[in-house]
Amino acid sequence: MVEETIFSKIIRREISADVVYQDELVTAFRDISPKAPTHVLIVLNVLVPTVNDLLPIHEESMGHLFTVALKIARSEGIAEDGYRLIINCNRHGGQEVNHIHMHLLGGRPLGPMLAY
Ligand code: 5GP
């Protein structure tokens, strides 16, 4: 049995979040603790805990993360200057919430890819 996280409640609108986009496959909302002027999380509506749990049936929705990220980057006005897309996996990847999500970060130069 896969444990739900707070993201499932945000997707179902049971708890509040600053949702910037939602469709049948993904939900996007602003990170509660933003690391850049734009920091949006784009989350699969179905609960897949980590990249390690992906199956071929998830390919459409995982691909959709990228086109939604682009749509949001454009609407945030950061597409031309650029941005970073991150998906963390498990402990070494720094994943805190076990519900697959892509970080869209931008609005300032983001520095080197890794802090160390
Ligand atoms: P991860 O480390 O799993 O890749 O990223 C999880 C992200 O979710 C973190 O950046 C964290 O700030 C964000 N987050 C955790 N709980 C909440 C919440 O309840 N609401 C929102 N909007 N973001 C959250």
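The values are calculated or read from the model by the stated rules, or taken from the named source; none is laboratory data. These numbers come from a predicted model, not from an experiment. Note that each Cβ is placed from the backbone with ideal geometry, even for glycine, and that neighbours are counted across all protein chains shown. The area values use the complete protein model at the heavy-atom level, side chains included, leaving out ligands, DNA and RNA. Shrake-Rupley method; radii C 1.70, N 1.55, O 1.52, S 1.80 Å.
Charges were assigned to the Cβ only: +1 to each Lys and Arg, -1 to each Asp and Glu. The resulting dipole of the chain about its Cα centre is roughly 320 debye.
Taking the Cα centre as origin and putting +1 on Lys and Arg beta-carbons and -1 on Asp and Glu beta-carbons, what dipole magnitude results for segment 1-53, to the nearest 20 debye?
Working: 5 positive and 8 negative charges, 41 e Å.
The dipole magnitude comes to about 200 debye.
Hey, what's the Kirkwood Rh for segment 6-106 if you take every pair of different alpha carbons, in angstrom? This gives a value of 13.7 Å.
Look at the alpha carbon pairs under 8 Å that are at least 6 residues apart: their mean separation over the length of segment 1-57 gives a relative contact order of 28 percent. Taking the chain as a Gaussian network of alpha-carbon nodes connected by springs under 10 Å, the highest mean-square fluctuation of the residues Ile87, Ile32, Ile100 belongs to Ile32.
Each of Thr67, Ile78, His101 was scored by the projection of its Cα onto the charge dipole of the chain, and the greatest displacement toward the positive side belongs to Ile78; charges sit on the C-beta of Lys, Arg, Asp and Glu. Distance between the pseudo-spin-label points of Leu110 and Thr50 (7 Å out from Cα toward the beta carbon): 2.2 nm.
Here the accessible area is traced with a 1.4 Å probe on the protein chains. For the chain, carbon and sulfur cover 55 percent of it. Within the listed set Leu85, Leu44, Leu55, the residue fluctuating most in the Gaussian network model of the chain (springs between alpha-carbon atoms under 10 angstrom) is Leu55. Between Asn90 and Glu59, what FRET efficiency comes out of the Förster formula 1/(1 + (r/R0)^6) with R0 = 22 Å and r the beta carbon distance, rounded to 0.05? For Glu59 and Asn90, the calculated efficiency is 0.60.
Taking 0.36 nm per intervening residue step and subtracting the Cα-Cα distance, what contour gain separates Val19 from Glu4 on full extension?
3.5 nm
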